[in-house]
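Novice: Next up is a structure, given as structure tokens.
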Amino acid sequence: MHIIEISTTDTYALRLAVLRENTPTTNVSFPEDDWPGVTHLGVVDLAGAIVATSSWVPRECAEHPGRRGVQLRGMATSKDLQSNGVGGLLLEAGVQRHTEAGFELMWAKARDAAMGFYLRHHCEVLGEGFIEDATQLPHHIVVRHLRS
């Protein structure tokens, strides 16, 4: 498996299958998808199929004003490969890339159901939880400091 840059539309199939399953919406596009500086990364298996996706949006985190932040959005791993390290591989590649580019922190609106994943990858939970509008599922803001 290897990590490549992918297009916005390359993220849609996994976003739909993983992030929109049993939610009130099937909309898989994000307003930020095509902003300048946004990067979409994917994990490609040996057959050439995209098995995990993530989108990285240069954006300040409200809880850490003045710090150069990148928001992780649309993190999705094929259901048959979840809990096998594929998502972690993708997250760490994105973190490395953005650390090298001078970002100071990575943040995300993380589903509570995925909180263990984010905690294993050195994220801290900030503030109170909330129900995310599109999914109607509980979330928390998580942050990972990229530079001391």
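To keep it simple, each residue is scored yes or no on (1) at positive phi; (2) among the aliphatic types (A, V, I, L, M); (3) part of a strand (DSSP E or B).
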residue	(1), (2), (3)
ASP10	no, no, no
PRO24	no, no, no
GLY37	yes, no, no
TRP56	no, no, yes
CYS61	no, no, no
ARG67	no, no, no
ARG73	no, no, yes
GLU92	no, no, no
VAL95	no, yes, no
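Novice: Of all residues in the stretch 1-29, how many are under 20 Å from ARG111 (Cβ atoms) and either touching a Lys or Arg at 6+ places or on another chain (Cβ under 6 Å) or among the hydroxyl-bearing types (Ser, Thr, Tyr) (or both)? Steps first, please.
Specialist: Kept after step one, since they are under 20 Å from ARG111 (Cβ atoms), are these residues of the stretch 1-29: 11-29.
Still in the running and either touching a Lys or Arg at 6+ places or on another chain (Cβ under 6 Å) or among the hydroxyl-bearing types (Ser, Thr, Tyr) (or both): 11-12, 23, 25-26, 28-29.
Selection size over the stretch 1-29: 7.
Novice: Please determine, by comparing only the residues of the stretch 53-80 that are hydrophobic (A, V, I, L, M, F, W, C) and touching a residue at least 24 places away in the same chain (Cβ under 8 Å), which one is nearest to PRO31 (Cα to Cα).
Specialist: Within the stretch 53-80, the match that is nearest to PRO31 (Cα to Cα) is VAL57.
Novice: Moving to a separate point now. Return the total of residues in the stretch 97-116 being out of contact with any strand residue (DSSP E or B) (no Cβ under 9 Å at 6 or more places or on another chain) and either crowded, with 17+ Cβ neighbours inside 10 Å or at negative phi (or both).
Specialist: 2
Only the coordinates and a few stated rules stand behind these numbers; no lab work does. All figures in this text were calculated on a predicted structure; none of them were measured in a lab. Here the Cβ is made from the backbone with ideal geometry for all residues, glycine too, and neighbour counts use every protein chain on show.
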